[in-house]
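In what follows, a single structure is set out as structure tokens and then discussed.
Taken together, the values in this text are just the output of simple stated rules run on the coordinates, not laboratory data. Because the structure is a prediction, the values reported are computed rather than measured. Counting neighbours? That spans all protein chains shown, and the Cβs are built from the backbone with ideal geometry, glycine included.
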Number of protein chains: 2
Amino acid sequence: MRDKLETKSKLVSSVGELIGRKGFNAVGVNAVARTAGVDKVLIYRYFDGLEGLYKAYAASADFWPSVEEILGTQEQQAELQSLPGSKALTLVFRRYAQALRARPTTIEILAWETVERNGLTEALEHVREEMGLKMAESMRQLNLPNADWPSIVNMMVFAIHYAAVRARKIRHFNGIDIQADEAWERMFLSFERMIAAMEVLDD
Amino acid sequence: MRDKLETKSKLVSSVGELIGRKGFNAVGVNAVARTAGVDKVLIYRYFDGLEGLYKAYAASADFWPSVEEILGTQEQQAELQSLPGSKALTLVFRRYAQALRARPTTIEILAWETVERNGLTEALEHVREEMGLKMAESMRQLNLPNADWPSIVNMMVFAIHYAAVRARKIRHFNGIDIQADEAWERMFLSFERMIAAMEVLDD
DNA sequence: TGCTTTTGTCACCGACTGGTGATATAAAGT
DNA sequence: ACTTTATATCACCAGTCGGTGACAAAAGCA
């Protein structure tokens, strides 16, 4: 089995496997090479070290939702525009949270982003920022009430990220079971009502 | 210098010093003993290991704001009740964020809480949950509009935590400089307006 | 065929990790 | 002064880490 591509892809996928099985902390040259069943020196030869391997993994994996996954097809986006702004925006956040929660590996990296920077967290940061830009563009189509939307969106995204990241390790917060779907739904419903209130006042 | 108490306190304070200087990751028996200028075996003898030392440190440090720091004295709490609910609640969150941002060590632990559990993160979790309970109790005095307050409060606290934790390593989010005071102020102002809108509708 | 390049293994390095048993030394009690 | 006890140091363990140089074997090419 002298197949460079095969070996490379084994190394790359081992990164994801390790993150999933043992967490980000367990990822290192020795561990990755061991789970790939390959010598660690190849990480240096083929990827110029762990950083390069991180980048290769970042490019390979579906570890971030696309704009389409959140906003839907062209038709669905049109539908979105016909809804009241509060409903449409909340639906977008709901989908965003759903997409995130379906990607445990991404959440793991998201958590590590706050304690350590490396090629992988930087890649995640980059694609997220890119998506944020596109989302902001698309969301300008919605008929939202007057407000400081960048700050409101950030606030909500912060809350979603923290809830997703924290729920992995700690179940309760202020007496609420933040792992349960119900907690998420309550959050979104509250958000929708706040925005709806601003909508009414705007008329 | 055969002073057990002195030695113990040197070990305990070294934990805080290390977290501040090198981050949570750098804390280990070897490093702590080294910075304390003492043999690591004493960590096992006096604290029964790193976990025990964590707990001792948690008990020693002022690493979480008290309810008074957030709500103020009895008089100030009375003042708070005379304000519109939206203003009062926002003020409380503003003070909470301020208290948090003034404690970099706490933020560091808060960040690690999401990736690893140990005696220290559990202690932090415990005092926070306790404060959350007391806060909820006190906040029932405010004249707030009808809403699912537990979920709204959680949402806002999540956002504050994430912003505090993330700003240490990454400055921008969706084009906003989240390290700047202005970003915080915008967030609080938006929050206040959302609640205010609900207040108006409630009448 | 023989030579070169690619692909991969292996053994080893120094530095660090958490953890322990034996030992020195200062203080306290008699 | 002598013994006991508390306090602290030291040397060492096995294991892991990231990283490297020497070598083996397969593949490509002449």
Handout entry: Approximate shape of segment A:122-191 as ellipsoid semi-axes (Cα gyration tensor, √5λ), whole Å, largest first
Key = 25, 18, 9
Problem - Along principal axes, Cα extents of chain B, largest first, whole Å - result: 68, 40, 24
Fill in the blank from the handout: Given Cβ charges of +1 for Lys and Arg and -1 for Asp and Glu, the option among B:M198, B:F188, B:G175 whose Cα lies farthest towards the positive end of the dipole of segment B:149-202 is B:G175
Fill in the blank from the handout: Sorted shortest first, the nm distances from the A:L5 label point (7 Å along Cα→Cβ) to its counterparts in the other copies are 7.2
Problem - About the Cα centre, charge dipole magnitude for chain A (Lys/Arg +1, Asp/Glu -1 at Cβ), debye - result: 1040
Completion exercise
For A:F173, the residues 5 or more places away or on another chain with a placed amide H closer than 5 Å to its own amide H are A:I178
Practice task
Note the distances from B:E68 to each other copy's matching label point, with points 7 Å along the Cα-to-beta-carbon direction, in nm, sorted shortest first.
Solution key: 6.0
Handout entry: Coil-residue trypsin sites (Lys or Arg not before Pro) of segment B:138-203, DSSP, other Cβ within 10 Å capped at 13
Key = B:R140, B:R171
Exercise for the section: Return a whole-number percent for the relative contact order of segment B:94-203, with Cα pairs under 8 Å and 6 or more residues apart as the contact set. Expected result: 28
Exercise for the section: For segment B:121-139 and segment A:146-194, write down the distance between their C-alpha centroids in whole Å. Expected result: 18
Completion exercise
A correct fewest-to-most ranking of A:H172, A:H161 by other Cβ atoms within 10 Å would be A:H172, A:H161
Fill in the blank from the handout: Residues A:M198, B:M187 in order from fewest to most other beta-carbon atoms within 10 Å are A:M198, B:M187
Problem - Within chain A, helix-based [θ] at 222 nm, where runs of 4 or more DSSP H residues each add -39,500 (n - 2.57), nearest 500 - result: -23500 deg cm²/dmol
Completion exercise
With the label set 7 Å along Cα→Cβ, A:D181 is separated from its counterparts in the other copies, in nm and shortest first, by 4.5
Practice task
With a cut-off of 14 Å, note down the residues of segment B:108-146 whose backbone N falls inside the zone around a label point 7 Å from the Cα of B:A99 toward its beta carbon.
Solution key: B:127-139
Handout entry: Rounded, prolate or oblate (a/c below 1.5 giving rounded, otherwise prolate when a/b exceeds b/c) for the protein assembly as shown by Cα gyration tensor
Key = oblate
Problem - Among the listed pairs A:K8/A:K134; B:K40/B:K169; B:K8/B:K134; A:K22/B:K10; A:K169/B:K134, those beyond 28 Å (Cα-Cα) - result: A:K8/A:K134; B:K40/B:K169; B:K8/B:K134; A:K22/B:K10
